[in-house]
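The structure appears below as structure tokens.
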Amino acid sequence: MTIWVPTLDPTMPRYRALADAIRLDIVSGQLQAGTRLPPQRRLADALGVTVGTVTRGYAEAERHGLVTARIGSGTYINGGISAQRVSTESFGHVFCAGAATGMFADVKGAIEASLDTIDLTMSLPPPHPARQQGMADALTSISQSQEALLHCVDYQNAFGRDSQRRLLANWMGELGMPVAAEELMLTQGGQNGITLALSALLAPGEALVAGALTYPGLISASTERGLKLLRVPLDEEGMDIEALARLCRQQVPRMVYVMAEQNNPGGAQLSHARREALVALARQYDFWILEDGVQYLPPEECGTQLYQLAPERTLYVFSTSKILAGGLRLGVLRIPPALLPRLGATLRSHSWMVAPLLVETVCAWLTSGNAAPLITWQVEEVRARQRLARSVLDEWSLSSRPSSFDLWLALPEGQRSQAMVESLAARGVHVTSAEPFCVGNEPPPQALRLCLSAAASREALANALEIVREVLLTPPALRCMTL
Ligand SMILES: Cc1ncc(COP(=O)(O)O)c(C=O)c1O
């Protein structure tokens, strides 16, 4: 089948030329309302450009209200576009609110555009109006169900209702995390799952082990509990288990915290051999494993979870924050069932229970069937963002998983992360250095974490990446601090 292949104006950047070609072909009538544009990879091959260029071109056209990207379906020419407006609008600089004028228009994007700043510091799911819509639909369905309303006004069991735990267990199974309802307790987000596990199982002063670079929420929770946080080196296969074995011979930890699928930051995945070695060590020295699966990856990118290899000693932290909405604050903690009374008592002393309204909202959202297409879209979107970033920053040393939210950029010899963070901030792009992730006193590596998913749109991300590239090519001079 032949596809639409435009001629690109050689005087313009290629992505803008593509958006402009869409505009011209709408004006000429060659592209009609409802027409589906070619899949990005096919068009990229036909034009001899990168997929990232086509992605940016489509995003630019969408920003101008010419096309709409539909979840899991493709990019379509919009109807009701005024040929007059389209034919006279310039793609060089004009920002047009475009098609997103509905109730859930892209507010974040508008704010970001008007402030001229792009925040890539927070590990957030990519914005999509379907999140607000999913929340609205769930709340509407609760408000129309006497049973759901009764659940919301009542106190409930600290672990959650059996029917809710079953629904969540089924959903986790579909997402690649096979669990039984009886092993689950509900928490106020993933962070709460971590603090509950630390509070219930470790006494102040006891040793907890984490990778040398780890999730900052683990560092703060361990400091607050008065734990002794020890570090183990990481490499591209994740935590160095031989180093952990050496550490165990000197001091047996009570717990090891690990992000097996993708370390945050850096994205290192624990190899299967290391998972088995870790489990063997845990059995030999009798320590708990706290496995954090909050940063969601689709099953095809995951290995066998540690809780499946060592169900009797692994607690698995999961949350809806990274796939439905961070504001919902619903976490699910998978624990060996024998621990339920202990963890339940800790939860009751912290907050008695998770607010039933939150649990009902998530359950109504899952029952509506609207969560699955959103997650499918999200995975495709973050993959496209990863490809885009890798095409713009291909000269540098990068690491991530294909569906990670984040990209880890190791700076070239002689460049300093703090100076880069400051230079980028001066240009309106906010990123994070390795400092907040560091366990212990060793100096942090010179690297940056870019949360690609946090940008309001692919267009905003593309702009930010161009700035990152420019700053990397002309790094700030190192300051001479002393004689
Ligand atoms: C690895 C990891 N664990 C846990 C959390 C906390 O999750 P939640 O927002 O559900 O509390 C985060 C949040 O960024 C995270 O990155």
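A short reminder: the numbers here are calculations on the coordinates, not readings from a lab. Not measured: the values here are computed from a predicted model. Heads up, the Cβs are rebuilt from the backbone with ideal geometry, glycines too, and the neighbour counts pull from every protein chain shown.
As a test of the formula, what do you get for the chain when each DSSP H run with n ≥ 4 contributes -39,500 (n - 2.57) and the sum is divided by the residue count, at 222 nm and rounded to the nearest 500 deg cm²/dmol?
-13000 deg cm²/dmol
Write down the percent of antiparallel bridges among all DSSP beta bridges whose residues are both part of the chain, to the nearest 5.
Bridges in the chain are about 60 percent antiparallel.
If the chain between Ser351 and Arg70 were fully stretched, how many nm would it gain, using 0.36 nm times the residue separation less the Cα-Cα distance?
97.1 nm is the gain from fully extending Ser351 to Arg70.
Give the residue list of GluC sites (Glu not before Pro) in the range 184-287 that are DSSP loop and have at most 12 other beta-carbon atoms within 10 angstrom.
On the way: sites: Glu206, Glu224, Glu236, Glu237, Glu242, Glu261, Glu276; in loops: Glu206, Glu236, Glu237, Glu261.
Listed in order of number, the matching sites are Glu236.
Please identify every one of the trypsin sites (Lys or Arg not before Pro) in the range 382-468 that sits in a loop by DSSP and has no more than 12 other beta carbons within 10 Å of its own beta carbon.
Hits after loop and neighbour filter: nothing returned.
So if R0 is 30 Å, what FRET efficiency would His272 and Met122 give, r being the distance between their Cβ atoms, rounded to the nearest 0.05? It would help to have the intermediate numbers written out before the result.
Details: r = 31 Å, r/R0 = 1.04.
That pair, His272 with Met122, gives E of 0.45.
What residues have an amide H closer than 5 Å to that of Asp235, excluding those fewer than 5 places away on the same chain, when H is modeled at 1.01 Å from N in the peptide plane?
Here Asp240 satisfy the definition.
Provide the FRET efficiency to the nearest 0.05 for the Ile3-Thr376 pair, computing r from the beta carbons and using R0 = 22 Å.
Efficiency at R0 = 22 Å is approximately 0.40.
³J(HN,Hα) across the range 402-419 via Karplus (A = 6.51, B = -1.76, C = 1.60, θ = phi - 60°), whole Hz, x for Gly/Pro?
x, 10, 5, 6, 10, 10, 9, 10, 7, 6, x, 2, x, 9, 10, 5, 4, 4
Name the residues whose placed amide hydrogens come within less than 5 Å of the amide hydrogen of Leu31, ignoring near sequence neighbours (fewer than 5 apart) on the same chain.
Long-range HN contacts for Leu31: Ile26.
Whole-Hz ³J(HN,Hα) for each residue in the range 131-137, computed from phi via Karplus 6.51 cos²θ - 1.76 cosθ + 1.60 with θ = phi - 60°, x for glycine and proline: what do you get?
Per residue, the Karplus-derived 3J(HN,Hα) values read 5, 4, 5, x, 5, 4, 5 Hz.
Applying the Karplus parametrisation 6.51 cos²θ - 1.76 cosθ + 1.60 with θ = phi - 60° to the phi angles of the range 376-381, what ³J(HN,Hα) value in whole Hz is obtained for each residue in order, glycine and proline being reported as x?
Here the 3J(HN,Hα) series is 4, 4, 4, 4, 4, 5 Hz.
Please pull out the direction-averaged projected area of the range 306-413, using the convex hull of its alpha-carbon atoms, in nm² to one decimal place.
10.3
So what's the range 424-483 giving for Rg/Rh, alpha carbon basis, Kirkwood Rh from the mean inverse pair distance?
We get a ratio of 1.04 for the range 424-483.
How would you rank 209-218, 19-28, 465-474, highest first, on the average number of other Cβ atoms within 10 Å across their residues?
209-218, 19-28, 465-474
Can you list residues whose amide H is under 5 Å from Val256's amide H, if they're 5+ apart or on another chain and H is modeled 1.01 Å from N?
Residues meeting the criterion, in which the H sits 1.01 Å from N, are Val209, Trp288, Ile289, Leu290.
For the range 163-364, evaluate the Debye formula with one uniform point scatterer on each Cα (no solvent term) and list log10 I(q)/I(0) at q = 0.08, 0.09, 0.14 Å⁻¹, rounded to two decimals.
-0.24, -0.30, -0.76
Write down the Å³ per residue value for the convex hull defined by the alpha carbon atoms of the chain.
On the way: hull volume 81.6 nm³, N = 483.
Convex hull of Cα atoms, per residue: 169 Å³.
Viscosity 1.306 mPa s, temperature 10 °C: Stokes-Einstein D of the range 169-219 from its Kirkwood Cα radius, in µm² per second? Before the final figure, lay out the partial values.
Numbers: Rh = 13.2 Å.
Translational D for this selection: 121 µm²/s.
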